[in-house]
Amino acid sequence: VDGDTSMAMFQLRDDRRPTNQGGEGAPLLSSNDKGDDQSSSLSAADDYKIDLIRLAQKEVSKGRNLSIFASIWSAPLWMKTCESPPNSHHGNACKSPSITKGALSANSTIRAAYALYLRKFIDAYTEAEIPIWGVTTQNEPSGNPMGNGWESMYFTPSDMADFIDSHLGPELKGKYPEIKIMNGDDQLPHIMAHAELASKSRYIDGVAYHWYASLAAELEDTKPLFSSVGGGIEVREASQRYQLDNQGGRGFLLATEACNGYLPTLLPGESHVMPGSWKRGYRYARDILHQINNNASGWSDWNLALDSQGGPNHAKNFVDSPIIVDAPEQGAFFKQPMFYAIGHFAAFVPEGSVRLSINGLVDSKVGEDSIEATAFLTPEGHVVVVAINDRLHVTKRLRECSIVVRSRGREVRLSMKENEIKTIIFK
């Protein structure tokens, strides 16, 4: 048994902007834009996500738990600076802070004000009866090297850990001792640096990471290549080296963001939205399975639903989604294979489940047909096995095969057709 897995997650990744930043987007609840440390007075009353979250809470109320984590994208501009590292060779240099550029000021008073600002964000949701399970300290803290329109704020791993230990941790956990604070929230090749710092911190509970360096599940169990792609094997190595296995009060690793359709120019035949794409469904199932087997404690998509273009968003960063709303005015939408791929895990593996070992499993594959598989013990005492007979690239034709699943002295024999996912439950 390796650790807790598969939390029912609602990801609160808001790209709203503080009011003094201009451009598209509404204020983040309300905003501290006055340049002092006590002016923030946040309210969730006008936040469009509240109704969605409450609907989600009702849907999972039957014996399940909805854990909500929030991810931070940028501080108000008066708290940012261009004097800190931001790696000029990495596209992060700036002459004056902006919505997409700059780092958090090194000034201790400003950092304390920012920690208070973020605590008031948690206060606002708590007052709206929406408890926040955890926060990631900064979305993709390596900055904005691609120069896109997304909000961004630069941290080195050590600077982020210092901000958490000196300011954010004491501020949040002083009032919310159970809240989970995560560092990282960046690409796979950054995991080891963040994991080492998390293992030494009093306040960091877990390391968050994104899937994009896997090239949409093309590179799962590899070392980082050119320091920018691959690196999935380091999820396992970070867990083992720094005991981030979610047992006995130790830390955890959490996959906090994924989407398909972000690489249409690199993956042949791809476009931002591909209705009915089975391959994209398999990419999701493959990544979830491999990451859970590498000791991640959960997995989260970036989007609940998008329109047929893959938006809308002010950054014009169009991608795919498990649900596509085809005709909003008529309430028409359709569920993609990605939706059902997630369901093979999320519908059957509740929070508090633990992953079980599988005899003969190597890099998430077992048997002569290299069936990808993972298994769980649920809080109800059920054993859940997820098995996949598929490949992203077929060097030899997939074949229908027979598998035998044994658990607790019982045995199930079943066939696995080509391109098939099955979930088996022993009650």
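Summary of computed values
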quantity	calculated
Residue in the stretch 299-308 that is more than 22 Å from Asn389 (Cα to Cα), open to solvent by less than 50 Å² (accessible area, probe 1.4 Å), more than 17 Å from the chain's Cα centre (by Cα) and acidic (Asp, Glu) present	yes
His167 vs. criteria assigned to a helix (DSSP H, G or I), touching a residue at least 24 places away in the same chain (Cβ under 8 Å) and buried (at least 24 other Cβ atoms within 10 Å of the Cβ)	no
Residue list for the stretch 289-298, filter: open to solvent by 10 Å² or more (accessible area, probe 1.4 Å) and in a helix (DSSP H, G or I)	Asn293
Residue in the stretch 219-230 that is modelled with pLDDT under 90, surrounded by 21 or more Cβ atoms within 10 Å (Cβ to Cβ), under 18 Å from the mean Cα position of the chain (by Cα) and closer than 12 Å to Gln291 by Cα present	no
All positions within the stretch 73-96 that are in contact with a Leu (Cβ under 7 Å, 6 or more places away or on another chain) and either over 17 Å from Asn139 (Cα atoms) or modelled with pLDDT under 90 (or both)	none
Unique match (being more than 20 Å from Glu351 (Cβ to Cβ), open to solvent by less than 10 Å² (accessible area, probe 1.4 Å) and not basic (Lys, Arg)) among His210, His272	His210
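So that you can scan it fast, the table gives a plain yes or no per residue for (1) in contact with a Cys (Cβ under 6 Å, 6 or more places away or on another chain); (2) modelled with pLDDT of 90 or more; (3) on the phi < 0 side of the Ramachandran plot; (4) of a type in the set (D, E, K, R):
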site	(1), (2), (3), (4)
Glu234	no, yes, yes, yes
Glu237	no, yes, yes, yes
Arg241	no, yes, yes, yes
Gln247	no, no, yes, no
Leu253	no, yes, yes, no
Glu257	no, yes, yes, yes
Met274	no, yes, yes, no
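Results for (1) surrounded by fewer than 22 Cβ atoms within 10 Å (Cβ to Cβ); (2) closer than 27 Å to Leu66 by Cβ, shown as yes or no for each residue.
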| residue | (1), (2) |
| --- | --- |
| Gly352 | yes, yes |
| Ser357 | yes, no |
| Leu361 | yes, no |
| Ser364 | yes, no |
| Ile371 | yes, no |
| Thr374 | no, yes |
| Thr378 | yes, yes |
| Gly381 | yes, yes |
| Ala387 | no, no |
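The values are calculated or read from the model by the stated rules, or taken from the named source; none is laboratory data. Note that this is a predicted model, so its numbers are computed, not measured. With ideal geometry, Cβ positions are generated from the backbone for all residues, glycine too; neighbour counts draw on all protein chains shown. Note: accessible area is taken over every heavy atom of the protein model, side chains too, but ligands, DNA and RNA are not part of it. Shrake-Rupley method; radii C 1.70, N 1.55, O 1.52, S 1.80 Å.
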